[in-house]
Every structure is written in C-alpha cells, then in structure tokens.
Amino acid sequence: MVLLGLESALRDRYPHQLSGGQQQRVGVARALAADPQVLLMDEPFGALDPVTRGALQQEMTRIHRLLGRTIVLVTHDIDEALRLADHLVLMDGGNVIQQGAPLSMLTSPENDFVQAFFGRSELGVRLLSLRSVGDYVRRHERLNGDALVEGMTLRDALSMFVARRCDVLPVANQQGEPCGTLHFRDLLSETSPP
C-alpha cells in the first residue's frame, strides 16, 4: 500500500467508501500483493477523471520501473497506449494487425487500417508524446522564468509553448535546477517521421 501512496486506514474500508482513484489503487495493490510476474489490466483507468487518471498512469509507470514486472494493459485509448507501452499490439476482430514499439508503429504502419487507427492528422502530436524534453535540451543556454521539466513529454512542452506564446522556454531537472532551454523549432523538426 505504501508503494501506491495509500493510507493504512483504507484497509478497513469497503469499496463503496473509497473514491474512484482509491478503488483503482487498492485494486492494483491487491494484484501486486500476490507478486505476479505478469499483471493483466483491462481498461484500468477508464472510469477515472482526467487528473486521477494521469496520476495513476504515472504511478503505474513508476511501479513498472521499480518492480520490473510485465504489465499487459488492454485499452482503447490510443494516447494512453502510446504513453505507457514499450510494446504495442494492435488488434482488429480478434486478429493481430501489427505489433512493435510505439515509434515504429507510428512511423511505419503496415497498412491503411493501422495508419487510420493512429490518426493521420494527429501523427505529429503523437510522435511528440513519445519523446521527452530532456532529449532536446540545449544545455549550454540559460533563460529565466517558469521552467519545463526534463522528464515531461514534448507534447506537454508544445502546450506550454502555445500557452506562453514564445519560441524558447527554460528547462529544469527533476530537482528544479536550471539545466538549459528548449526551442520551439526543435519540436517542429521532431514531428517529421524519418
């Protein structure tokens, strides 16, 4: 329960006494308590509000890294799959259509179905969701102001560029220390598939 940030007092509560986020966390905690090598999760975040959903997705990513367990996640949310997966399997009518790393599936779809599934018009934004700010930081530059964090996606950075209407943003590391800048034009070059 500590791993998922759950208070020990929740052990004595019934599911109807918990919030949706708490119910999901307790469910994951119960599944992890058995110490499985493979964890199957079917639409685990579907009934949650966007804030709780995002927080739990980050928690699952952290737990996956920490415990090294294989997690099979069934979802119909393309962005969720791209954000969480190391390996994707795209199925239609019970048949595997294509599988592979998210980047290769976005940039090298095997057929029109795969290309349409990922959305032709959203390809650039989806590619940005697979890259982090830290990979594009110009470390020799410094700029004052509210900083992006190295670990955030380029997709999130794009939102910040639009909101702030600027061409360059400061970047900080996970500890909040300045570590460079990110330029808007670097995002534009990243959205072009190889």
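Residues in segment 125-157 that are part of a helix (DSSP H, G or I) and out of contact with any helix residue (DSSP H, G or I) (no Cβ under 9 Å at 6 or more places or on another chain): 134 only.
A residue that is over 22 Å from residue 50 (Cβ atoms) and either assigned by TED's automatic domain parsing to the domain that holds residue 39 or in contact with a strand residue (DSSP E or B) (Cβ under 9 Å, 6 or more places away or on another chain) (or both) cannot be found anywhere in segment 154-165. Take residue 38 and decide whether it is out of contact with any helix residue (DSSP H, G or I) (no Cβ under 9 Å at 6 or more places or on another chain) and closer than 25 Å to residue 117 by Cβ. No; evaluated as a whole, the condition is false for this residue.
The set of residues from segment 156-187 being exposed (fewer than 15 other Cβ atoms within 10 Å of the Cβ) and among the charged types (D, E, K, R) comprises 164, 165, 167, 177, 185.
Yes/no matrix, rows are residues, columns are (1) touching a residue at least 60 places away in the same chain (Cβ under 8 Å); (2) under 25 Å from residue 60 (Cβ atoms); (3) of a type in the set (Ser, Thr, Tyr):
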| site | (1), (2), (3) |
| --- | --- |
| 73 | no, yes, no |
| 84 | no, yes, no |
| 91 | no, yes, no |
| 94 | no, no, no |
| 98 | no, yes, no |
| 101 | no, yes, no |
| 106 | yes, yes, no |
| 110 | no, no, no |
| 115 | no, no, no |
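The values are calculated or read from the model by the stated rules, or taken from the named source; none is laboratory data. Source: prediction; values computed, not measured. Virtual Cβ from ideal backbone geometry, glycine too; neighbours counted across all protein chains shown.
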